[in-house]
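Just so you know, all these numbers are worked out from the coordinates, no wet-lab data involved. None of these values were measured; they are calculated from a predicted model. Note that we place each Cβ from the backbone using ideal geometry, even for glycine, and neighbour counts take in every protein chain shown.
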Amino acid sequence: MLGSLTPPIFQTSTYTFTTAEQGERRFAGEEEGYIYSRLGNPTVRILEERIAALEKGERGLAFSSGMAAVSAVLIALTKANDHILCSSGLYGCTYGLLSMMKEKYQISHDFSVMDTEKSIREKIKPETTCIYVETPINPTIRLINLEVVAKIAKEFNIPVVVDNTFSTPYLQRPIELGCDIVIHSATKYIGGHGDVIAGLVVGKNDFLNHVAMTTQKDIGGGISPFDAWLLLRGMKTLPIRMDRHCDNAEKIAEKLEQHPKVTAVYYPSRSNRTEQGIDQQMKRGGGVISFEIDGSKKDAQSLLNQLAFIKIAVSLGDAETLIEHPATMTHAVIPEEKRVEMGITEQLIRLSAGLEAWEDIWKDLNQALNKM
Ligand code: LCS
């Protein structure tokens, strides 16, 4: 715009009409143009076009949080008495949303490990209107073969929604694998600097136009122009940041596997990538590693307390290395029995490798593990 390299921030809530008749035409959809920033904003529009291009979808929509994106999509895809089939592991608040939808609107859900075609098919019901998966799953880093899920979903004419937060379009593009809708908590790698809460959705024009005019417009979880601008800035460095996150995570995963106090390491390029025949799905393993320690909840907490360089914090995908205890933090809302079934034990720790020198990250983690 006016030759500006960086998109300007259109920090405006509303747009003036030259005449009352123009206002009428805009509201009637007979004339292109902005009306009100909850319905559309030029800075936000640039962000939506860029995420659609990166994910190879027709249209993008931006939201004020990842959860605003998840809820707008799930509410748009369901009505009372419908059913959602989910990966056997989801971010805690997504689980919370599904529980609320079940309690208030009788929209039921089931979980499937989705490791075989049978495990998917047997959970699909006549009232299933959506398949919702995370891969890698937060926080167990289990993977789901998206091509297999998409193939089966097509037979039943059910849309597949993929939460691509952990991978980003740099590492994995679900739409190219046959899935229908992609969601991001852009708070994570897309923003990349720990300074914004935001969500993104990409998919076909028909469905996204419907979301824009219903669950986005009327529930009102759109993004602010400034937050959109922060994401546009973050996106510019996405590939180099992702490669560094992956380099660091690969090194830390390797070191963790050799540590006597660590009983299991979950990281895509090592433990569970080739098993399911999905080498091609992710370009690299991503920046998040989960691991189990030989000890109790108290030991897990004392490990975190011993760290000096690594920050104890939820979220992921930031420049700083962050560590958390899913069972008592991000996934604490999931009832214990269900949580353990998902593989979220009290021994499980999640680490988001930052952009620092990997030696500094490992030095701190190693000294804390040794003291545990
Ligand atoms: N989807 C996934 C996979 C997530 O990890 C999160 C947040 C969300 C959706 C929701 O996004 P938000 O509304 O926070 O932008 N995950 C978090 C986590 O693991 N730690 O803190 C937040």
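How big is the C-alpha Rg of the chain next to the rule-of-thumb value 2.2 N^0.38 Å, as a ratio?
1.01
Only helical DSSP H runs with n ≥ 4 go in: add -39500 (n - 2.57) per run for the chain, normalise by residue count and round the 222 nm mean residue ellipticity to 500 deg cm²/dmol.
After summing the helix terms and dividing by residue count, I get -11000 deg cm²/dmol.
Calculated FRET efficiency, residue 2 and residue 30, Cβ-Cβ r, R0 30 Å, to nearest 0.05?
Efficiency, rounded to the nearest 0.05: 0.60.
Among 326, 335, 136, whose mean-square fluctuation peaks in a Gaussian network model of the chain (Cα, cutoff 10 Å)?
Largest GNM mean-square fluctuation: 335.
Does region 310-367 come out rounded, prolate or oblate by the C-alpha gyration tensor, with a ≥ b ≥ c the root eigenvalues, rounded set by a/c under 1.5 and, if not, prolate when a/b is larger than b/c and oblate if not?
Verdict is prolate for region 310-367.
So between residue 206 and residue 298, what do we pick up on full extension, going 0.36 nm a residue minus the alpha carbon distance?
28.1 nm
Using 0.36 nm per residue, how much length does the chain from residue 193 to residue 314 gain when fully extended, once their Cα-Cα distance is taken away?
42.2 nm is the gain from fully extending residue 193 to residue 314.
What is the set of long-range amide H partners of residue 134 at a cut-off below 5 Å, with H atoms built 1.01 Å from backbone N?
Sorted by chain and number, the residues that satisfy this are 87, 163.
Give me the number: length gained by fully extending residue 283 to residue 121, i.e. 0.36 nm times residue separation minus the C-alpha to C-alpha distance, one decimal in nm.
Full-extension gain reported as 55.6 nm.
Considering only DSSP beta bridges with both partners in region 20-236, what is the antiparallel share in %, to the nearest 5?
40 percent
Restricting to Cα pairs below 8 Å that are 6+ residues apart, what does the relative contact order work out to for region 20-236? Please round to a whole percent.
This gives 28 percent for region 20-236.
Given N residues in region 20-236, what is its alpha carbon radius of gyration divided by 2.2 N^0.38 Å?
1.01
Residue by residue, what Karplus-based ³J(HN,Hα) values in Hz, rounded to whole numbers, does region 290-296 have, using 6.51, -1.76 and 1.60 with θ = phi - 60° and x for Gly and Pro?
So the Karplus estimates, Gly and Pro as x, are 10, 8, 10, 9, 7, x, 10 Hz.
For region 280-364, what relative contact order do you get, as a whole percent, if you take Cα pairs closer than 8 Å and at least 6 residues apart?
40 percent
Arrange 331, 193, 83 by Cβ neighbour counts within 10 Å, fewest through most, would you?
Fewest-to-most Cβ neighbours within 10 Å comes out as 193, 83, 331.
Efficiency by 1/(1 + (r/R0)^6): what FRET value for residue 305 and residue 18, r their Cβ-Cβ distance, R0 = 45 Å, to the nearest 0.05?
0.10
Can you pull the semi-axes for region 118-209, root of five times each eigenvalue of the Cα gyration tensor, sorted largest first, whole Å?
24, 15, 11
How big is the Cα convex hull of region 220-372 in projection, averaged over all directions, in nm²?
With the hull built on Cα positions only, its mean projection is 10.9 nm².
For an R0 of 35 angstrom, estimate the FRET efficiency from the Cβ-Cβ distance between residue 254 and residue 333 and round to the nearest 0.05.
0.60
HN-Hα J couplings of region 103-110 from phi, Karplus 6.51/-1.76/1.60, θ = phi - 60°, integer Hz, Gly and Pro as x?
Rounded to whole hertz, the list is 5, 8, 10, 6, 9, 8, 8, 9.
Rounded, prolate or oblate, given the Cα gyration tensor of region 53-148, with a/c below 1.5 counting as rounded?
Here region 53-148 falls in the rounded category.
Please tell me the relative contact order of the chain in percent, rounded to the nearest whole number, where contacts are Cα pairs under 8 Å and at least six residues apart.
Over the chain, the number comes to 17 percent.
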